[in-house]
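To start, the structure itself, in structure tokens.
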Amino acid sequence: MHTPYAIDKNAIDKNDVILTGDRATGRLHLGHYSGSLSQRLALQGQCAQTILVADMQGLTDNGHQPDHVATHILGLVADYLAVGLDPDKVTICQQSQLPALAELTMFYSNLVSYARLIRNPTVKQEINDKQFGQQVPVGFLTYPISQAADITAFGANLVPVGDDQLPMIEQTNDIVRKFNHVVGEPVLRECRALTSKASRLPGVDGKSKMSKSLGNAIYLSDDNDTIRDAVRSMYTDPQHLRVSDPGRVEGNVVFTYLDAFHPDAQHVAELKAHYQRGGLGDMTVKNVLTDSLTSLISPIRERRKALMNAPDYLSDVLKDGQKKARIQTDQTCQNVKRALGLLVG
Ligand code: ATP
Ligand code: MG
């Protein structure tokens, strides 16, 4: 499979530990592929890697409609396997089945101020996008703390994420440093983000980041007609009225996607030069993009379809992952309780 963001595997050490996850709020889309999945794929088998189906985090803005999260759990597992993640090389597990994660969240909550939480730029943006007004769920405001619990519970030091998650990595390291300072020993491990060259893919509207919750996504399970229609609807350069007019490629979402997903960078460079000097129509460029997206997505979609017909297999993958993850996360929680001096019995 074409993985456009392969990173330098020599930079990975066998002691590295990778943790990532996705909220169980919908199917995975091209933003996930460019921001995180492609790096997980490139690194699988190089070091320990855990992928968390973040169902509890999905509930932080879906408390009133838990079905919206429950219905997407197995679909996420199918998405992972369909893109090529291999359960023999990565541990796939479900957040709500690992009680240590909730416990760690409680312990860490005491080390984070309300002022620090409301300063988080991603959380601020999301509160605005979701139009919570004064009704921000407490669980939503504190989800960066639960992400710190997820990362530290596995002893992860590498987190392949889109750039909306950078404040969460910073928050995690604040907690790690504070905790280690308070207990006087290095119990928790600091981490760093692994971002890709397309770590904030815009939605097809060209405005906000592509997101499950904003209705601006192309999904890894979309059929070819849906992909073609989504590409056709993309804004290009509003000044590019006639084919002969010179066009702008900066901020032109069709070219942003070509940069992110077309396997031949040289060809994209030629298309850009042609578009900029004039003589290349929007429809022609959109057709090139449609072709490269359909050839990326079609095999993923077909594998996913087959996997969705085998729900027992998907839940077995989760159960197998859980066993391993439970041992690791319980151990970290025990270390935290010991360091806090709570194990007196
Ligand atoms: P939701 O709208 O429910 O928050 P989402 O589409 O933002 O869903 P998440 O599950 O929150 O997806 O994100 C999972 C991972 O994918 C994170 O590492 C995030 O940074 C990355 N990611 C999500 N959207 C994009 C995007 N548009 N570009 C790059 N990375 C992305
Ligand atoms: Mg998100």
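Could you tell me how many degrees, from 0 to 90 and to the nearest 10, lie between the Cα long axis of helix 143-153 and the main elongation axis, the longest principal axis, of the Cα atoms of the chain? Between helix and principal axis, roughly 70 degrees. Each label point was placed 7 Å from the Cα along the Cα-to-Cβ direction; for Ser244 and Ile327 their separation is 7.2 nm. Placing a pseudo-label 7 Å from each Cα along the Cα-to-Cβ vector at Lys14 and Lys89 gives an inter-label distance of 1.7 nm. The magnitude of the dipole of the chain, with charges of +1 and -1 set on the Cβ of Lys/Arg and Asp/Glu and taken from the Cα centre, is near 500 debye.
Put a plus charge on the Cβ of each Lys and Arg, a minus charge on the Cβ of each Asp and Glu, and nothing anywhere else: the dipole of region 224-307 about its Cα centre is then about 260 debye.
Mind ordering 159-165, 259-265 by average Cβ neighbours within 10 Å, highest first? Kindly include the intermediate steps, with their values, before the conclusion.
On the way: 159-165: 21.3, 259-265: 16.9.
My ranking of the peptides, most packed first, is 159-165, 259-265.
Residues with amide H under 5 Å of Gly21's amide H, sequence separation 5 or more or different chain, H placed in the peptide plane at 1.01 Å from N; which? Those lying under 5 Å, H to H, from Gly21 are Leu52. For the modelled label position 7 Å from the Cα of Arg277 along Cα-to-Cβ, which residues of region 223-259 have backbone nitrogen atoms closer than 18 Å? Label zone hits: 243-250. Projecting the Cα atoms of Gln39, Ala78, Met56 onto the charge dipole of the chain, computed from C-beta unit charges around the Cα centre, puts Met56 farthest toward the positive end. Distance between the 7 Å Cα→Cβ label points at Leu340 and Gln266: 5.9 nm.
Ellipticity at 222 nm from helices only: DSSP H runs of n ≥ 4 in the chain, each -39500 (n - 2.57), divided by the residue count, give -15000 deg cm²/dmol.
Multiplying the residue separation of Ala306 and Gln134 by 0.36 nm and removing their Cα-Cα distance gives an extension gain of 57.5 nm.
Report the antiparallel proportion of the DSSP beta bridges in the chain as a percent, rounded to a multiple of 5. Intermediate values should be presented prior to the final figure.
Working: 2 of 18 bridges.
Once the DSSP bridges in the chain are tallied, antiparallel ones form about 10 percent.
Report the full-extension gain for the segment Asn287 to Cys47: residue separation times 0.36 nm, less the Cα-Cα distance, to one decimal in nm. All intermediate terms of the calculation are to be shown ahead of the outcome.
Details: separation 240, 0.36 × 240 = 86.40 nm, distance 3.91 nm.
That pair, Asn287 and Cys47, stretches by 82.5 nm at full extension.
For the cross-link pairs Lys89/Lys130; Lys89/Lys305; Lys178/Lys207; Lys207/Lys319; Lys130/Lys324; Lys130/Lys323, the ones whose C-alpha atoms lie over 28 Å apart are Lys89/Lys130; Lys178/Lys207; Lys207/Lys319; Lys130/Lys324; Lys130/Lys323. Principal axis analysis of the Cα atoms in region 224-307 yields extents of 47, 25, 18 Å, listed in decreasing size.
Stokes-Einstein, applied to the Kirkwood radius of the chain over Cα pairs at a viscosity of 0.890 mPa s and 25 °C, places its translational diffusion at 115 µm² s⁻¹. Calculate how steeply helix 282-308 sits against the longest principal axis of the alpha-carbon atoms of the chain, using the helix alpha-carbon long axis, and give the answer as 0 to 90 degrees to the nearest 10. Approximately 40 degrees, to the nearest 10.
No lab work stands behind these numbers, since they all come straight from the coordinates. Predicted model, so just to flag it, every value in this text is computed and none were measured. Reconstructed Cβ throughout: ideal geometry from the backbone, glycine too, with neighbour counts over all protein chains shown.
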